[in-house]
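> Please see the structure below; I have some questions.
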Amino acid sequence: MTLPAERPLHIIVATDCGSTTTKAILIEQIGDDYRQTYRGEAPTTVEAPFEDVTRGVLNAIAEVEELSGRKILDGEKIITPNGAGGDHKVGVDIYISTSSAGGGLQMMVAGAVQSMTGASAQRCALGAGAIVMDVLASNDGRLPHEKIERIRSLRPDMILLSGGTDGGTVTHVLEMAEYIAAAEPRPRLGMSYALPLIYAGNKDAREQVKEILGEKTALVMTENIRPVLERENLGPARNKIHDLFLEHVMAQAPGYRKLIDWAGAPIMPTPAAVGLIMQTIAKRDNLNLIGVDIGGATTDVFSVFGGVFNRTVSANLGLSYSVSNVLAEAGLDNIMRWVPFTLEEQSLRNRIKNKMIRPTTIPQTLDELQIEQAIAREALRLALEHHKSLATGLKGVQQERTISDIFEQRTSGATLIDMLKLDLIVGSGGILSHAPRRVQAMLMMVDAYEPLGFTVLSVDSIFMMPHLGVLSTVNEKAATDVFVRDCMVYLGTCVTPIGQGKDGERCADYTVTFQGGRKPEQGMLPFGELRLFPLAVDERAQVELRPAKHVDVGEGKGAPVTREVRGGVVGLLLDGRGRPLQLPSDSQARLAALTRWHEAVSLYPK
């Protein structure tokens, strides 16, 4: 489905069908700009008793209709175009949607060599918005019967098979095809149709793959994702994943046929839409950015560095359903180090288990909030480490080469995430978007990500990034207008010198010169201290840092730096706690340090 280019968009209604909640927003053109004006939400209705996703969509849109005074629904239909019947308070120009209902898109990928085509296939699927359930490879150490049993038991929505460079050996990719055929995999949704399988490997193996899998799967061929060792070509396979997601997977979910007919643009998996708006913003403003969406079950991390987009999903790191996994992976000590009061180990374990069995509860006391925010720091930290390990250059490539049209990956197998070159961090998910005070969201991200040098931080105000991602495919201006004005809440800028020293020693001298005639702030930033200066969203300031000899602020050790910084609802944060960030091992010293930092930024005011 494509939108006629000449049809103007003035009124847009967009929904995101999540696993528990369907969120609807209304976007209107006001003058030359687009603004998000009203929103509504309703429980998602994929499961019994309704088993029809459109019920939740209609309920969410009905709330928008009631709040806005605009007639959008005619019974169980969305009125398009806007102004139907000559009344400009009736209808919308387009309806668009994303979806992760029913557990989103769950895929299994297979490649010839785990660290090469296996890794490329995984990047391809993750970038398309999938949860990757497993990566199979001929050299993954599993016996043939184990691979076959794994394919059979997982029941993914779709399989991506790759392997071999064009013209190279076909043995390994055919071996993987034989395992898939032997497993005779059944899809997760819908018993009556064949499992979609995308073949994106060595073109010389196509005929043989067709013979092996053509009868047993809904086989689709596309271009090789690794045509030569030095180049990755992920676009065609990602597009096929989106197509099959709509045609096969979504079509099996209850009520989606109707939803697909209503939508004026293809429905996208929620994470793919979030990734798309991240890429749009990074490209528009020429930024290196990291985005995170931390949920109850999973944490998604997105990054764009030097034009290269990567996405990872940590399917075992979340703050309700997966909260026990955070404890298991981070370890008790790492969570306890962020809790600013004395707590018995067993008490923390009990609280974490209670959250897991009652996932929809929210903190009722300050203690509970501080514990939840401590767990969030570790979930964010671990998800970024996972992301860094996957957002890498191509293994097997020795020197810098250009790969595909927008992908330029450098050192062989090295991570692309360079925190010193990071311009912007975007946080979303309830713990960040709905933190009682914005400074709590800012400090959670600073503590977890340990940004270096000068970094702007922001949060998604009401989680509308998925809506804007799919909107960017039909009207980029509308999507970016709303993203900048209504979606993004700029928290401010964090300035972090790199180096370590004893608490109280000189880290750097600073001078902050504000625009608009405010009195400059100057002084010494000691190690182990935070300094917060109010700096409004529309304000700018010039920061001059003169670091100690062994301290680097981005220009080398001891070299002074002067930069213009932007404000936000929190302001300008100077972080003198050293990098890497190390908390005191002694519990009393640690509690004293946490108390000092929290008081410096009024994190939990009495």
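The values are calculated or read from the model by the stated rules, or taken from the named source; none is laboratory data. Predicted model only: the values in this text are computed from it and were never measured. Using ideal geometry, Cβ is built from the backbone for each residue, glycine included, and neighbour counts are taken over all protein chains shown.
> Would you mind finding the one in I267, I277, I290, I281 that is among the β-branched types (V, I, T) and either free of Cβ contacts under 8 Å to residues at least 40 places away in the same chain or closer than 24 Å to D157 by Cα (or both)? Don't jump to the end; show me each part of the working.
Numbers: I277 fails: either free of Cβ contacts under 8 Å to residues at least 40 places away in the same chain or closer than 24 Å to D157 by Cα (or both); I290 fails: either free of Cβ contacts under 8 Å to residues at least 40 places away in the same chain or closer than 24 Å to D157 by Cα (or both); I281 fails: either free of Cβ contacts under 8 Å to residues at least 40 places away in the same chain or closer than 24 Å to D157 by Cα (or both).
The conditions single out I267.
> Next up: Given the options L189, L161, L136, name the one that is at pLDDT below 90, under 31 Å from the mean Cα position of the chain (by Cα), in the same structural domain as M221 (by TED's automatic domain parsing) and closer than 29 Å to S19 by Cβ. So that I can check it myself, show each step before the final result.
Values: L161 fails: at pLDDT below 90; L136 fails: at pLDDT below 90.
Matching residue, one of L189, L161, L136: L189.
> Working only within the range 114-172, note down all residues that are surrounded by 24 or more Cβ atoms within 10 Å (Cβ to Cβ), charged (D, E, K, R) and part of a loop (DSSP other than H, G, I, E, B).
D157 - this is the single residue of the range 114-172 that is surrounded by 24 or more Cβ atoms within 10 Å (Cβ to Cβ), charged (D, E, K, R) and part of a loop (DSSP other than H, G, I, E, B).
> Still on this structure, please answer the following. Confirm whether S602 is under 26 Å from C487 (Cα atoms) and touching a residue at least 24 places away in the same chain (Cβ under 8 Å).
The answer is yes for S602.
> Same structure again: Do we find a residue being farther than 27 Å from S100 by Cα and of a type in the set (S, T, Y) anywhere in the range 184-207?
no
> What number of residues within the range 290-304 are farther than 13 Å from L384 by Cβ and of a type outside the set (S, T, Y)?
Filtering the range 290-304 down to residues farther than 13 Å from L384 by Cβ leaves 295-298, 304.
Imposing the further condition that a residue be of a type outside the set (S, T, Y) reduces the set to 295-297, 304.
The total comes to 4.
Residue-wise test of (1) of a type in the set (A, V, I, L, M); (2) in the same structural domain as M419 (by TED's automatic domain parsing); (3) more than 24 Å from D423 (Cβ to Cβ).
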site	(1), (2), (3)
R506	no, yes, yes
D509	no, yes, yes
T513	no, yes, no
M524	yes, yes, yes
L530	yes, yes, no
A536	yes, yes, no
A541	yes, yes, no
L545	yes, yes, no
E555	no, yes, no
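> Give me a count of the residues in the range 42-91 that are closer than 15 Å to T15 by Cβ and at pLDDT below 80.
1
> Would you confirm whether any residue within the range 312-322 is touching a Pro at 6+ places or on another chain (Cβ under 6 Å) and not assigned by TED's automatic domain parsing to the domain that holds M133? Break it down stepwise before answering.
Of the residues in the range 312-322, the ones touching a Pro at 6+ places or on another chain (Cβ under 6 Å) are 320-321.
Pick out the ones that are also not assigned by TED's automatic domain parsing to the domain that holds M133 and you get 320-321.
Yes; the residues of the range 312-322 include at least one that is touching a Pro at 6+ places or on another chain (Cβ under 6 Å) and not assigned by TED's automatic domain parsing to the domain that holds M133.
> Within the range 417-438, restricting attention to residues that are outside any strand (DSSP E or B) and surrounded by 23 or more Cβ atoms within 10 Å (Cβ to Cβ), which residue is modelled with the lowest pLDDT?
Keep residues of the range 417-438 that are outside any strand (DSSP E or B), which gives 417-423, 429-438.
Next, from what is left, pick out any that are surrounded by 23 or more Cβ atoms within 10 Å (Cβ to Cβ): 429, 431-432.
Working: G429: 86, I431: 90, L432: 93.
Checked the range 417-438; the qualifying residue modelled with the lowest pLDDT is G429.
> Further question: Somewhere in the range 337-345, is a residue closer than 30 Å to N224 by Cβ and part of a helix (DSSP H, G or I)?
no
> While we're on this one: Within the range 170-199, how many residues are of a type in the set (V, I, T) and free of Cβ contacts under 8 Å to residues at least 40 places away in the same chain?
Let us first name the residues in the range 170-199 that are of a type in the set (V, I, T), namely 170-171, 173, 180, 198.
Still in the list and also free of Cβ contacts under 8 Å to residues at least 40 places away in the same chain: 170-171.
Within the range 170-199, residues that are of a type in the set (V, I, T) and free of Cβ contacts under 8 Å to residues at least 40 places away in the same chain number 2.
> Taking the range 261-271 as the region of interest, how many residues are assigned to a helix (DSSP H, G or I) and in contact with a Ser or Thr (Cβ under 9 Å, 6 or more places away or on another chain)? Walk me through it before giving the result.
Kept after step one, since they are assigned to a helix (DSSP H, G or I), are these residues of the range 261-271: 261-262, 270-271.
Pick out the ones that are also in contact with a Ser or Thr (Cβ under 9 Å, 6 or more places away or on another chain) and you get 262, 270-271.
So the answer is 3.
> Here's a follow-up. Please determine, by comparing only the residues of the range 271-328 that are of a type in the set (F, W, Y) and under 26 Å from E372 (Cβ atoms), which one is surrounded by the fewest Cβ atoms within 10 Å (Cβ to Cβ).
Result: Y321.
Quick grid of which residues meet (1) among the aromatic types (F, W, Y); (2) assigned to a helix (DSSP H, G or I); (3) at pLDDT 85 or above; (4) more than 25 Å from the chain's Cα centre (by Cα):
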position: A237; (1), (2), (3), (4): no, yes, yes, no
position: F245; (1), (2), (3), (4): yes, yes, no, no
position: A273; (1), (2), (3), (4): no, yes, yes, no
position: L287; (1), (2), (3), (4): no, no, yes, no
position: A297; (1), (2), (3), (4): no, no, no, no
position: V313; (1), (2), (3), (4): no, no, no, no
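> Separate question: Identify all residues within the range 299-311 that are in a strand (DSSP E or B) and of a type outside the set (D, E); write none if there are none.
T299, V301, F302, S303, V304, F305, V308, F309, N310, R311
> Looking only at the range 544-558, which residues are in contact with a strand residue (DSSP E or B) (Cβ under 8 Å, 6 or more places away or on another chain) and free of Cβ contacts under 8 Å to residues at least 60 places away in the same chain? Write out each step before concluding.
Taking the range 544-558 and keeping what is in contact with a strand residue (DSSP E or B) (Cβ under 8 Å, 6 or more places away or on another chain), we get 544-555, 557-558.
Hits for the range 544-558 are E544, L545, R546, P547, A548, K549, H550, V551, D552, E555, K557, G558.
> Against the condition surrounded by fewer than 20 Cβ atoms within 10 Å (Cβ to Cβ) and of a type in the set (A, V, I, L, M, F, W, C), how does A183 come out, does it pass?
Judged against the criteria, A183 is a match.
> From G576, G554, G516, G571, grab the single residue that is closer than 30 Å to D486 by Cβ and within 32 Å of the chain's Cα centre (by Cα).
G571
> I would also like to ask the following. Please work out which residue is modelled with the lowest pLDDT, limiting yourself to the range 101-113 and to residues that are outside any loop (DSSP other than H, G, I, E, B) and surrounded by 24 or more Cβ atoms within 10 Å (Cβ to Cβ). Give the steps one after another, and end with the answer.
Residues of the range 101-113 that are outside any loop (DSSP other than H, G, I, E, B), as a first pass: 101-103, 105-111.
This time we only want the ones that are surrounded by 24 or more Cβ atoms within 10 Å (Cβ to Cβ), so: 101, 105, 107-111.
On the way: A101: 65, L105: 78, M107: 89, M108: 92, V109: 94, A110: 92, G111: 88.
In this case the residue turns out to be A101.
> Another question about this same structure. Considering only residues that are under 22 Å from the mean Cα position of the chain (by Cα) and among the polar types (S, T, N, Q), which ones fall in the range 247-271?
Residue satisfying the conditions is T270 alone.
> Can you find a residue that is surrounded by 15 or more Cβ atoms within 10 Å (Cβ to Cβ) and either part of a loop (DSSP other than H, G, I, E, B) or in contact with a helix residue (DSSP H, G or I) (Cβ under 9 Å, 6 or more places away or on another chain) (or both) anywhere in the range 559-566?
No, the range 559-566 contains no residue that is surrounded by 15 or more Cβ atoms within 10 Å (Cβ to Cβ) and either part of a loop (DSSP other than H, G, I, E, B) or in contact with a helix residue (DSSP H, G or I) (Cβ under 9 Å, 6 or more places away or on another chain) (or both).
> Considering only the range 579-591, how many residues are within 32 Å of the chain's Cα centre (by Cα) and without any contact (Cβ under 8 Å) to a residue 12 or more places away in the chain?
The qualifying residues number 1.
> What number of residues in the range 164-176 are at pLDDT below 90 and within 32 Å of the chain's Cα centre (by Cα)?
Number satisfying all stated conditions: 2.
> So which strands (runs of 3 or more DSSP E) stay within the range 8-83 end to end and still have 3 or more residues that are over 17 Å from F463 (Cα atoms) and outside the structural domain of T298 (by TED's automatic domain parsing)?
By residue number, 21-30.
> Now for a different question. Quick test of your reading of the structure: R226 fulfils all but one of (1) more than 30 Å from E47 (Cα to Cα); (2) of a type outside the set (S, T, Y); (3) not in a loop (DSSP other than H, G, I, E, B). Name the failing condition by number.
The number of the failed condition is (3).
> Identify the single condition in (1) outside any loop (DSSP other than H, G, I, E, B); (2) in contact with a strand residue (DSSP E or B) (Cβ under 9 Å, 6 or more places away or on another chain) that D204 does not satisfy, given that it satisfies every other one.
Answer for D204: the failing condition is (2).
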